[in-house]
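To start, the structure itself, in structure tokens.
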């Protein structure tokens, strides 16, 4: 009987041409040296290890990140969001090409909470950015396909470190404009760019409140053909609207631009504005303090995420949480009394079992 | 030697005329029956018990809340915010008097995170609302003067339950517009009213981004004398600006009003708008589902708050947390690695000591 072929799914999903037998993990040093030398296949494999929930992978991932950390940070991190249909892929292709022509190396990471349900495919991402995906100075990586939003965001932030260590000096974090992931992305980027469409009516429905106020740059896309006039009008309206908002922590007012990713118009102005933004915030030191604050934010965020996870994985809590939630909803018990009960259950359970249900 | 006078601070701080000896707590039933009969002194005492951090008080508080819960909920809860100088006190006085003339009973609760530092005084609150503070259909209660913002907000939410059980059918939650407490308040009210000044320039500096998008009603105050024209102009600008924002979850566009609390003009229009808002959201059922969601939110919020508190009270964590935070800030360690280390420390410590450092 022939030996059953092993399932190398972890690596196969990264790069089918780079088969390895299960258990043939390399040492952290090998991954790091591959990453540092710009080996994209090794980079992909290391990211897959970061995304894995296996214990051995997680240990290895921590070591890889630790060794990459000193070589990270030297990039511009840009969040890009907008509702489906706004033309995100073609915008990223258009501006990405310009940045590469400027001599930059671009990594495009995607956070898509819906892909954790539908299992987004790498192929899909490569197809929608055909130019960048074949460019040797671009690296496209789709959203991890499992885990909570918090977990996915954490992994994306770790992936940034690896990409930077691999020499990518411009990182795009692309989100799907459903309003869940934007806050996470905002907390890991230097600049947040919101893509919009002209005609501030129905199209806006998809954008959650609060996202407009997070934007450092607004770009009204599809300003071509018959749309040009309405795009120009929308630009004025947004400029007026934004002037009513308090200034951003960066100290800079959000600027509004019109562009057509299709025709390539307006793209270089937006690239210039990005460069200006980075230059000015570096000069004012906001760039630096923002990154420091983000790092501390992620420390707190990770602790809270894990504490919550431990709590909700506690069998005693699991058993009654939904019930308590229902009672609270119906007003049969106050939220605080219910919380007390649940916390007590969790404590008793972990005191008995002496473990923490991670 | 004369017996040393005991310090009855808990009760004295509520109402100096209502002295009790220490330990003379009443039974939960007595407090609840006092509250239900509308006895404001008993209500004040019960709120002080809620605000106390003593174990015996907390137990008693939970029982009082439990017994009041079935009589709560039958009110309109309104959040009112705005930067210092916008005229919050006089606005609350003006609209409060109208509501009382309409036959309503009004409780005004204040959340002021700064008072947890400066120990806000009841006298101060009474002085700044002289009319309401002497009206038998109004009840004014300042912010608790100790605890984290989360703790203060939780206590305010519990205080709402008691006020409702005491027959107050309109609850104002007033915040100081510094941007920390607004989110908490938003999550405990049916309607959020933002007070502004004309001239959307410097005055806006004090309002944190995101707060404008939380508002259900915007009122431009001090529209009197020479300010009337600029207030009217500001109204138009805000209306235009708000029309660019996505609609609120209530389904209703925020409305903009001008008023002068000083002259009493525009106040009754705002009262009408509040009534319309409540009627419409009750009809659409948003009022009800919003309250349900808020209750569930507070369940989760309280659990998270307590878990964090346990973690940060852990002696092993306490010892190194600031250090790790500094290392993360400097980029010497990744936020995730630091979080792992700290969580491990907390687990080891609680495994050894078998307790949870609440």
Can you find even one residue in the stretch A:322-342 that is at pLDDT below 95, more than 30 Å from residue A:255 (Cβ to Cβ), out of contact with any helix residue (DSSP H, G or I) (no Cβ under 8 Å at 6 or more places or on another chain) and part of a helix (DSSP H, G or I)? no
Filtering the stretch A:262-291 down to residues that are in contact with a helix residue (DSSP H, G or I) (Cβ under 7 Å, 6 or more places away or on another chain) and modelled with pLDDT under 95 yields A:262, A:264
By residue number, the members of the stretch A:62-82 that are buried (at least 17 other Cβ atoms within 10 Å of the Cβ) and within 18 Å of the chain's Cα centre (by Cα) are A:65, A:72, A:75, A:76, A:77, A:78, A:79, A:80, A:81, A:82
Okay, helices (runs of 4 or more DSSP H) sitting entirely in the stretch A:98-200 with 2 or more residues that are at pLDDT below 90 and away from every other protein chain (no Cβ under 14 Å), I get A:115-118, A:122-128, A:130-133
Only one of B:323, B:299 is outside the structural domain of residue B:96 (by TED's automatic domain parsing) and under 25 Å from the mean Cα position of the chain (by Cα), namely B:299
For the structure I just gave you, tell me whether residue B:280 is more than 23 Å from residue B:97 (Cβ to Cβ) and away from chain A (no Cβ under 14 Å). yes
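Residues are listed down the side, and each one gets a yes or a no for (1) more than 9 Å from every other protein chain (Cβ to nearest Cβ); (2) over 13 Å from residue A:325 (Cα atoms):
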{"residue": "B:292", "(1), (2)": "no, no"}
{"residue": "B:304", "(1), (2)": "no, yes"}
{"residue": "B:307", "(1), (2)": "no, yes"}
{"residue": "B:310", "(1), (2)": "no, yes"}
{"residue": "B:314", "(1), (2)": "yes, yes"}
Within the stretch B:235-259, of all residues that are more than 9 Å from chain A (Cβ to nearest Cβ) and in contact with a strand residue (DSSP E or B) (Cβ under 7 Å, 6 or more places away or on another chain), the one farthest from residue A:244 (Cα to Cα) is B:259
Per the filter on the stretch A:135-175, residues closer than 25 Å to residue A:275 by Cα and without any contact (Cβ under 8 Å) to a residue 60 or more places away in the chain are A:135, A:136, A:137, A:138, A:140, A:156
Residues of the stretch A:334-349 being surrounded by 21 or more Cβ atoms within 10 Å (Cβ to Cβ) and more than 7 Å from chain B (Cβ to nearest Cβ), in sequence order, are A:346
Selection over the stretch A:306-321 where residues are in contact (Cβ under 8 Å) with a residue 24 or more places away in the chain, surrounded by 18 or more Cβ atoms within 10 Å (Cβ to Cβ) and part of a helix (DSSP H, G or I) yields a count of 5
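The values are calculated or read from the model by the stated rules, or taken from the named source; none is laboratory data. Keep in mind it's a predicted model, so treat the numbers as computed, not measured. Using ideal geometry, Cβ is built from the backbone for each residue, glycine included, and neighbour counts are taken over all protein chains shown.
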